[in-house]
Each structure stands twice: as structure tokens, then as C-alpha cells.
Amino acid sequence: QVQLVESGGGLVQAGGSLRLSCTASGRTFSNYAMGWFRQAPGKEREFAAAISWTGGNSYYADSVKGRFTISRDNAKNTVYLQMNSLKPEDTAVYYCGMFVTKYYIGGSRPAYWGQGTQVTVSS
């Protein structure tokens, strides 16, 4: 089916930046919305950002708006999450996902998930 492989996680100090990448295979990447979710220890997996099939529409949770930017390069089958001004509360496992729609629908979950990548923000 679909395979999503993430990279770019790591340890960063508060105020720093990271860029996450997720590369897809096994499906026509450019036809579908993509998203990023995160899960902190002991908490539910929560929506962070999503992007429509061509990159023309982006969606963000209030908690990351103004600090994170989602983008995609359909020629490379890759979606990115640029994370700036990181805070300790951003510490989580970050998952990319592929939806079955061309646009993100609020509250929906991806049909396919990546393996997750750890982001740790120290104070």
C-alpha cells in the first residue's frame, strides 16, 4: 500500500528550529492532502498541520499557528514541517499522514501513517 518515511527529528533548545520531512511511496502522492500530527507522553494524538493536494491550502492548530509552516514538493513525493520558535510543550512524537481526500477536513484522520519521529525541546 502506502509507505511514509519520516526524518529530521531530534533535540533542540527552546527557541530553536527543526525541519521534518516525510517521503511517500506506493500511491499517487500529488492527489491527496497530507498532514502532521503529534503525540506527547500520556496524551492523545493531536492535529498540528495539514496541506491540500497541490499545496494551495494550509491548515494549522492554534497551538502552532505562526510558528510552524507546512509545505510539500510533489515532484519529490515529500511533505515538510518547518518548526520555528520551538517550546518545551512542542516535545512529542510527530507523525505524518496521508488522507483520502484532496483537502483536509477538520477532525478527520489520515488513512496512512508514518512511523513517527521524536522531537524534544529542552529549556
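The values are calculated or read from the model by the stated rules, or taken from the named source; none is laboratory data. Computed from a prediction, not measured in an experiment: that's the story for all the values here. Every residue, glycine among them, receives a Cβ derived from its backbone with ideal geometry; neighbour counts consider all protein chains shown. Quick note on the areas: whole protein, heavy atoms, side chains included, nothing else; ligands and nucleic acids left out. Shrake-Rupley method; radii C 1.70, N 1.55, O 1.52, S 1.80 Å.
Can you find even one residue in the range 70-91 that is hydrophobic (A, V, I, L, M, F, W, C), modelled with pLDDT under 95 and out of contact with any helix residue (DSSP H, G or I) (no Cβ under 7 Å at 6 or more places or on another chain)?
Yes - at least one qualifying residue is present in the range 70-91.
State the number of residues belonging to the range 85-108 that are more than 15 Å from Arg19 (Cα to Cα), crowded, with 20+ Cβ neighbours inside 10 Å and among the hydroxyl-bearing types (Ser, Thr, Tyr).
The number of residues fulfilling the criteria is 1.
Among Gln39, Gln13, Gln1, which is the only one that is over 21 Å from Ser123 (Cβ atoms) and touching a strand residue (DSSP E or B) at 6+ places or on another chain (Cβ under 8 Å)?
The unique qualifying residue is Gln1.
Name every residue in the range 1-48 that is farther than 14 Å from Gln82 by Cβ, of a type in the set (Val, Ile, Thr) and open to solvent by less than 40 Å² (accessible area, probe 1.4 Å), in order of residue number.
The answer is Val2, and nothing else.
List every residue pair whose Cβ atoms lie under 9 Å apart, where the two residues are 6 or more positions apart in sequence or sit on different chains, the first residue falls within the range 94-123 and is at positive phi, and the second residue, located anywhere, is in a strand (DSSP E or B) and surrounded by fewer than 16 Cβ atoms within 10 Å (Cβ to Cβ).
Filtered contacts from the range 94-123: Gly116/Gln39.
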